[in-house]
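Each remark here refers to the structure printed beneath this line.
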Amino acid sequence: MRIGILAVQGAFIEHEKILTSLGHECVELRQKSDITNIDGLVLPGGESTVQGKLLRDLDMFDDIKARIDDGIPVLATCAGLILLSEKISNDANTYFATLPVTVKRNAYGRQLGSFEQVADFAGIGPVKMTFIRAPYIEKANDNVNILATIDGNIVATKYKNQIGLAFHPELGDDIRIHQMFCDLM
Ligand code: GLN
C-alpha cells in the first residue's frame, strides 16, 4: 500500500519508519501535488495551529479533506487528532472537522504535560502510551468507538475510516496500532 504522511511540520519520520518496516511505501506530503494515489493517510503530532496554517498556505487543505470525506483510512495522532476533531473546546479554530468529537488542546498542561502511561486499548490490550502536550477528547458522539480512556478522559477513538489518538504510538517499538491502521487499509 502507498501511505501519505503529512510532512509539513511535526513528528512524521517515526511513522514513516514503522510503516516502511511493515512493508508499505510512504510518501511525504509536502505540497499539493504529492496528494495522489494514496491508500492511507497519517496526520502526525506537532503543532496543530502551525499545521493548519501550512495546509491552507500550501493549498493542501481541500484535497486532503476530500480524501478523508471519501473514506481513506486515516491515522491521526495528537495534533493530527486536533485537526480531525469537529470541535476544539478551548480554541475557536477547527480544521478538517470530520471526527464528531470535542477535543481539548494541551489538556494535561503545556509544560509538564508530557508523560507515559499504560492503558488498555480495545482489541489490543495494555499499551504504553506517550503523551506530549497532548489533547484529550472530552466528548464523543454515540457513533464513535472509544478505544482507550485514562482517568475517564478519552485518548483513542475510531470513527468509520478515522483512528484518532491523543498519544504518540510511533514512539517506542510497539507497532500494534500501526498494524491496526494497516488492517483498515
Ligand atoms: N499541543 C499540540 C497542539 O495543540 C499537540 C502536541 C503534539 O502533537 N504532541 O497542537
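Would you confirm whether or not region 29-36 contains a residue that is among the small types (Gly, Ala, Ser) and out of contact with any strand residue (DSSP E or B) (no Cβ under 9 Å at 6 or more places or on another chain)? Walk me through it before giving the result.
If we filter region 29-36 for residues that are among the small types (Gly, Ala, Ser), which is where we start, we get 33.
Those still in the list that are out of contact with any strand residue (DSSP E or B) (no Cβ under 9 Å at 6 or more places or on another chain) too: 33.
There is at least one residue in region 29-36 that is among the small types (Gly, Ala, Ser) and out of contact with any strand residue (DSSP E or B) (no Cβ under 9 Å at 6 or more places or on another chain).
Exactly one of (1) more than 14 Å from Phe96 (Cα to Cα); (2) open to solvent by 20 Å² or more (accessible area, probe 1.4 Å) is unmet by Gly40. Its number?
(2)
Residue by residue, here is whether (1) of a type in the set (Ser, Thr, Tyr); (2) without any contact (Cβ under 8 Å) to a residue 60 or more places away in the chain holds:
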residue	(1), (2)
Leu19	no, no
Leu29	no, yes
Asp69	no, yes
Val74	no, no
Thr77	yes, no
Leu81	no, no
Lys87	no, yes
Ala119	no, yes
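Under 8 Å by Cβ, and 6 or more places apart or on different chains, what pairs join a residue from region 138-156 that is more than 22 Å from Asp91 (Cβ to Cβ) with one that is open to solvent by 70 Å² or more (accessible area, probe 1.4 Å)?
Pairs found: Leu147/Gly123; Ala148/Asp120.
Would you mind finding the one in Ile137, Ile146, Ile124 that is modelled with pLDDT of 95 or more, open to solvent by less than 10 Å² (accessible area, probe 1.4 Å) and β-branched (Val, Ile, Thr)? Before you say what the answer is, go through the steps one by one.
Numbers: Ile146 fails: open to solvent by less than 10 Å² (accessible area, probe 1.4 Å); Ile124 fails: open to solvent by less than 10 Å² (accessible area, probe 1.4 Å).
Criteria check complete, one pass: Ile137.
Examine region 79-86 for a residue that is within 13 Å of the ligand (Cβ to nearest atom), surrounded by fewer than 20 Cβ atoms within 10 Å (Cβ to Cβ) and not polar (S, T, N, Q), and state whether such a residue exists.
Residues of region 79-86 within 13 Å of the ligand (Cβ to nearest atom): 79-85.
Narrowing the set further to residues that are surrounded by fewer than 20 Cβ atoms within 10 Å (Cβ to Cβ) leaves none.
Scanning region 79-86 turns up no residue that is within 13 Å of the ligand (Cβ to nearest atom), surrounded by fewer than 20 Cβ atoms within 10 Å (Cβ to Cβ) and not polar (S, T, N, Q).
The values are calculated or read from the model by the stated rules, or taken from the named source; none is laboratory data. What you are looking at is a predicted structure, and each value in this text was computed from that prediction instead of being measured. For neighbour counting, all protein chains shown are included, and Cβ atoms are generated from backbone atoms with ideal geometry for every residue, glycine included. Quick note on the areas: whole protein, heavy atoms, side chains included, nothing else; ligands and nucleic acids left out. Shrake-Rupley method; radii C 1.70, N 1.55, O 1.52, S 1.80 Å.
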